[in-house]
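The values are calculated or read from the model by the stated rules, or taken from the named source; none is laboratory data. Everything numeric here is computed off the predicted structure, so don't read it as measured data. All Cβ positions, even for glycine, are placed from backbone atoms using ideal geometry, and neighbour counts span all protein chains on display. Calculation scope for accessible area: heavy atoms of the full protein, side chains included, ligands and nucleic acids excluded. Shrake-Rupley method; radii C 1.70, N 1.55, O 1.52, S 1.80 Å.
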Amino acid sequence: LQAELALARDVQTSLAPATLPDMPGLAFAAHAEPAQSVGGDFYDVVKLSGNRVLIAVGDVSGKGISAALYAAQVQGLLQASARFLDTPAEILVEVNDRIRSGGMKRTYFVTLVLALFDGERGTMQICRAGHNPPLRSQPDGTTDWVQPGGLGLGLADGRLFGRSLQTWSGPLVPGERFIFYSDGLTEAMNAVCDEFGTERLAELVAGAGALSPEALNQTLAGAIRAHRRGFPANDDTTWVIADVARTTNCQTVDAAAVFTSVALPLPT
């Protein structure tokens, strides 16, 4: 059994990107740590045509091999859908339809955040299907949370799911940083049941200054270990860090441009 679990972990690890894309004006780092041999968290950073990159961080309800199998299925659907659909909202609607018709048990669902960085247009879009809101760090060191609405994948049919989705969009601003993560990060717990929390995360990122994504990656992993104080992980822990370079080759838009959140009304 231990040998089979080790093999399953190797297979799941192989589904994560072997290397992160080298994109002009963008830099990435990522971390994934299952609470058991395998887990329901997953991430992907997919380089697309036209100097675009798609970031996904997802979390399948539950843990263990069954959650890992569904995570692999969703990751494959995302990669396939991203090849012929243009926006995060369209991709999520397609994946939700495939999940609903593909036999995923109704006792399971998937939360997911999907971000599209477009270096050619100098824009980005973020959709959130019931997932933790990404943390944005701005060039002046202030932080906020990106919180477009949306239902988790597999919870509703295509019409209701699509109507629930909101898209957060805006320009690529040099010096901005985004943290996409699963709840295993903010809910990392020590022996006295004290969670790492969103405030500690925001303070750590705000204090990171001009650290590279990889340096921040190591700092954050060390902070989680220190907070746990040897207490075993209570959930899978996954995150992706995405930086827009302070001096970037991407086409950028005036930083004062207004960010937008667009949504269709929820049905009554």
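Worth a mention:
- When the residues Ser101, Ser169 are ordered by accessible surface, computed with a 1.4 Å probe over the protein chains alone, the sequence from largest down reads Ser101, Ser169.
- In range of the label at Ala191: residues from the range 203-235 whose backbone nitrogen is under 17 Å from the point 7 Å along Cα→Cβ: 225-234
- Treating r as the C-beta distance of Gln147 and Glu214 and R0 as 22 Å, the FRET efficiency rounds to 0.20.
- Computed extension gain for Glu199 through Ser66, at 0.36 nm per residue and net of the alpha carbon distance, reaches 44.6 nm.
- Per-residue packing, averaged as other Cβ atoms within 10 Å, sorts the ranges 134-146, 111-123 into the order 111-123, 134-146, beginning with the highest.
- In this rough spin-label picture, where each label sits 7 Å from Cα along the Cβ direction, the Ala18-Leu1 distance is 3.4 nm.
- Residue ranking by accessible heavy-atom surface, 1.4 Å probe, largest first, among Met189, Met23 comes out as Met189, Met23.
- Spatial separation of Cα centroids for the range 164-233 and the range 76-148, in angstrom: 18
- For the residues Trp168, Trp239, a 1.4 Å probe over the protein chains yields an accessible-area ranking, largest first, of Trp168, Trp239.
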